[in-house]
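S.K.: One structure is given below, represented as structure tokens, and several questions about it will come after.
Just so it is clear, none of the values below were taken in a lab; they were calculated from the coordinates. Quick caveat: nothing in here was measured; it's all calculated off a predicted structure. Cβ sites come from the backbone with ideal geometry, for glycine too, and all protein chains shown count toward neighbours.
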Amino acid sequence: MTPPEQSFRAPPGTRDVLAPESARWEALVERFAGLAGRAGYGMVLLPMFEDVGVFARGIGESTDVVSKEMYDFSDKGGRHICLRPEFTASLVRAFVQHRPTTPWKTWYWGPAFRYERPQAGRYRQFHQVGVEAMGSEDPHLDVEVLALAWRFYQALGMSRLRLDVNTLGDGACRPAYREALVAYLAPREGELCEEHRERWRLNPLRVLDCKRPACREATAGAPWQLDHLCEPCAGHWAAVLDGLGALQIPYRVQPRLVRGLDYYTRTTFEVAAEALDAAQDAVGGGGRYDGLSEALGGPPTPGIGFSLGIERILLACDAEGVFAAPGARVAAFVVDLAGGTEALCLVDELRRGGVGADRAFGARSLKAQLRVADRSGAAVALIVGPDELAAGTVTVRRLRGGSGQESVKRGEVVDRVRREVAVEEAG
Ligand code: HAM
């Protein structure tokens with residue numbers, strides 16, 4: 001075969017996650033699964049691609065996510081498909097399709113795809129963990145969901161976080177607020193940033209969220225949705241803040257928080273990591289989407305959830321010096337100097353006995369095998385040579401915390417390794 005002219009690299013905005021870094025991912029998802037499972041959320045697996053309409057209708061045509069960032073294409077059957085840019089609209093599509101009994105509480109993790117300009121903390125394929133709870137308007141569900149996110153960050157050891165919350169009202173009070181905002185913005189159109197001067201009428205609320213100084217200044221005296229809530233929304237909002245207070249979750253009311261997806265109603269929130277660059281400091285966000293089921297052809301069903309970016313969480317953990325990669329998972333490394341099937345059998349026996357075990361392959365020298373044993377992170381090397389084979393023993397050599405080796409009867413090796421690991425863990 002002729003060698004290829006070109007070698008390949010992962011596409012821009014994607015990353016390979018290799019061990020040992022991948023062990024942190026496993027641990028993070030495991031932590032999240034435990035937390036969500038203990039709160040009554042069940043895992044869902046959803047397709048990574050959907051009909052483009054799920055997101056166009058669900059998220060909103062005028063959003064950046066839909067208008068600029070979709071990975072969409074026609075498949076071989078002529079369907080207009082896109083890779084999911086997020087989970088929520090896809091989850092609600094599944095709700096409408098299957099009509100599970102409510103409250104329906106779910107959690108998920110996996111990749112999402114957005115054609116963004118890649119930079120540190122911003123990728124084209126990124127990964128989220130999240131929960132969605134459908135079927136209840138109870139403000140204490142908002143608090144439960146917010147608390148789940150907050151407790152998760154805490155469980156990872158993160159502390160330099162800022163939780164911003166806001167309410168966006170509902171179908172009853174938002175239209176009147178929107179009019180008030182339009183009336184405020186119209187005479188100030190010329191003061192807005194270039195992008196919003198052109199586009200502000202499409203979604204006037206988004207101007208509030210714009211980080212550019214021109215928009216910031218022009219909107220300094222703008223009316224806020226917070227001050228234009230109908231009675232039910234005001235009551236809901238008060239109960240959410242009250243619940244957050246009761247759980248002692250620190251928050252900041254941020255009336256500018258609009259978020260980049262159009263399905264939100266009432267409670268919205270975002271968590272920023274102070275250790276990250278301000279442009280990419282959002283480590284998670286979410287809120288209510290009480291109209292999304294209907295927008296996707298389903299029955300009126302309220303919902304709330306959040307998604308957290310795994311890559312950004314890990315970057316923030318690095319910056320805070322918390323949630324290090326978990327240690328090696330092999331306890332024993334079998335060094336084979338005897339040939340034959342003895343090493344094969346010993347490794348199998350250790351693993352069946354619940355002891356993490358690895359071995360060298362390819363009949364290499366003692367020195368070379370011990371080097372691999374050291375790299376494996378194992379606590380002990382188990383040396384099987386011709387002498388050991390003849391005597392029915394194994395040489396157990398400690399690899400950490402002082403050297404030293406001894407000869408152990410073959411039948412007692414598994415127990416011995418267990419004890420060795422227990423002593424090390426206790427120490
Ligand atoms: P989102 O704010 O678009 O919300 O994304 C949530 C989180 O995903 C962000 O805070 C960030 O940590 C991460 N993220 C987003 N885009 C990127 C990217 N290009 N690279 C790296 N990380 C990224 C949602 O996705 C909603 N579905 C949240 C939600 C759930 N609302 C209700 N339920």
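S.K.: For the chain, what are Rg and Dmax over the alpha carbons, in angstrom?
M.R.: 27.6, 94
S.K.: Related question: Counting just the Cα atoms, what span does the range 47-110 cover along each of its three principal axes? Round to the nearest Å and put the largest first.
M.R.: Principal axes ranked by extent give 34, 27, 21 Å for the Cα atoms.
S.K.: Can you give the Rg and Dmax of the range 71-148 based on its C-alpha atoms, in angstrom?
M.R.: 15.6, 46
S.K.: Run through the range 64-163 and list the trypsin sites (Lys or Arg not before Pro) located in a DSSP loop whose Cβ has at most 15 other Cβ atoms within 10 Å.
M.R.: Those that pass, being in a loop and sparsely packed, are 68, 76, 79, 160.
S.K.: Treating cross-link reach as a plain straight distance, find the lysines whose alpha-carbon is under 24 Å from the alpha-carbon of residue 211, omitting any fewer than eight places away in the same chain.
M.R.: Correct list for residue 211: 68.
S.K.: Using the Cα centre of the range 294-388 as the reference point, and only Cβ charges (+1 on K/R, -1 on D/E), how large is the resulting charge dipole? Debye, rounded to the nearest 20.
M.R.: Details: 9 positive and 12 negative charges, 36 e Å.
Result for the range 294-388 is approximately 180 debye, rounded to the nearest 20.
S.K.: Taking 2.2 N^0.38 Å as the expected size of a compact globular protein, what ratio does the Cα radius of gyration of the range 229-337 give against it, to two decimals? Kindly include the intermediate steps, with their values, before the conclusion.
M.R.: Numbers: Rg = 20.4 Å, N = 109, 2.2 N^0.38 = 13.1 Å.
Taking N as the residue count of the range 229-337, the ratio is 1.56.
S.K.: Angle check, please: helix 310-320 long axis (alpha carbons) against the longest principal axis of the chain (alpha carbons), in degrees 0 to 90, nearest 10.
M.R.: For 310-320 against the chain, the angle is about 70 degrees.
S.K.: Provide, for q = 0.19, 0.24 Å⁻¹, the log10 of I(q)/I(0) from a solvent-free Debye sum over equal Cα point scatterers in the range 24-75.
M.R.: Values, matching the q order: -0.79, -0.84.
S.K.: Can you check what the net charge comes to around residue 68, using other residues whose Cβ is under 15 Å from the Cβ of residue 68 (Lys, Arg +1; Asp, Glu -1)?
M.R.: For residues surrounding residue 68, the net value is -3.
S.K.: What percentage of all Cα-Cα pairs in the range 158-215 are separated by more than 15 Å?
M.R.: Details: 914 of 1653 pairs.
So the portion of pairs separated by more than 15 Å is 55 percent.
S.K.: Give me the percent relative contact order of the chain, please, defined on Cα pairs under 8 angstrom at least 6 residues apart. Please list the in-between numbers first.
M.R.: On the way: 722 pairs, mean separation 63.6, N = 427.
Computed value for the chain: 15 percent relative contact order.
S.K.: So what's the Cα pair-distance distribution over the range 271-395, bin width 10 Å, in %?
M.R.: Percent of pairs per bin, in order: 11, 25, 14, 14, 16, 13, 6, 1.
S.K.: While we're on this one: Given the C-alpha atoms of the range 153-283, compute the convex hull and give its volume per residue in Å³.
M.R.: Numbers: hull volume 15.0 nm³, N = 131.
Hull volume normalised by residue count: 115 Å³.
S.K.: Tell me, how many Å apart are the Cα centres for the range 340-412 and for the range 229-273?
M.R.: Comparing the Cα centres of the range 340-412 and the range 229-273, I get a distance of 57 Å.
S.K.: About the Cα centre, and with charges only on the beta carbon of Lys, Arg (+1) and Asp, Glu (-1), how big is the dipole of the chain? Nearest 20 debye, please. Working shown, then result.
M.R.: Details: 52 positive and 56 negative charges, 146 e Å.
Using Cβ point charges on Lys, Arg, Asp and Glu, the chain gives about 700 debye.
S.K.: Return the percentage of antiparallel bridges among DSSP beta bridges fully within the chain, rounded to the nearest 5 %. List each step's numbers first, then the result.
M.R.: Numbers: 51 of 63 bridges.
Roughly 80 percent of the DSSP beta bridges within the chain come out antiparallel.
S.K.: Here is a further query. Give me 236, 140 ranked fewest to most by other Cβ atoms within 10 Å of their Cβ, as a rough exposure proxy.
M.R.: Values: 236 23, 140 14.
With the fewest neighbours first, 236, 140 line up as 140, 236.
S.K.: Projected onto the charge dipole of the range 211-279 (+1 at Lys/Arg Cβ, -1 at Asp/Glu Cβ, origin at the Cα centre), which of 229, 268, 218 gives the Cα projection farthest towards the positive end?
M.R.: Positive-end residue among those listed: 218.
S.K.: Any idea what diffusion coefficient the range 314-354 gets from Stokes-Einstein, in µm²/s, Kirkwood Rh on alpha carbon pairs, 4 °C, 1.567 mPa s?
M.R.: On the way: Rh = 13.2 Å.
Rounded to a whole number, D works out at 98 µm²/s.
S.K.: Along the charge dipole of the chain, which of 43, 241, 378 sits closest to the positive end, that is, farthest toward it, with unit charges on the beta carbon of Lys, Arg, Asp and Glu (+1, +1, -1, -1)?
M.R.: Most positive-ward Cα: 378.
S.K.: Looking at the range 257-308, I'd like the Rg to Rh ratio, where Rg is from alpha-carbon atoms and Rh is Kirkwood's inverse mean 1/r.
M.R.: Details: Rg = 13.1 Å, Rh = 12.0 Å.
Rg/Rh: 1.09.
S.K.: Want the number for residue 212 to residue 390: 0.36 nm per residue separation, take away the alpha-carbon distance, what's left?
M.R.: Details: separation 178, 0.36 × 178 = 64.08 nm, distance 7.78 nm.
Full-extension gain reported as 56.3 nm.
S.K.: Still on this structure: Given N residues in the range 1-118, what is Rg(Cα) / (2.2 N^0.38 Å)?
M.R.: So the Cα radius of gyration is 1.32 times the expected 2.2 N^0.38 Å.
S.K.: Specify which residue in the list 32, 356, 300 is farthest towards the positive end of the charge dipole of the chain, using unit charges on the beta carbon of Lys, Arg (+1) and Asp, Glu (-1), about the Cα centre.
M.R.: Going by the Cα projections, it comes out as 356.
S.K.: Further question on the same structure: Starting from 0 in steps of 5 Å, tell me what percent of the Cα-Cα pairs of the range 88-189 lands in each bin.
M.R.: Cα pair-distance distribution for the range 88-189, in percent: 2, 8, 12, 14, 17, 17, 15, 11, 4, 1.
S.K.: Just how large is the dipole of the range 1-79 about the Cα centre, in debye to the nearest 20, putting +1 at every Lys and Arg Cβ and -1 at every Asp and Glu Cβ?
M.R.: So the dipole magnitude of the range 1-79 works out to roughly 220 debye.
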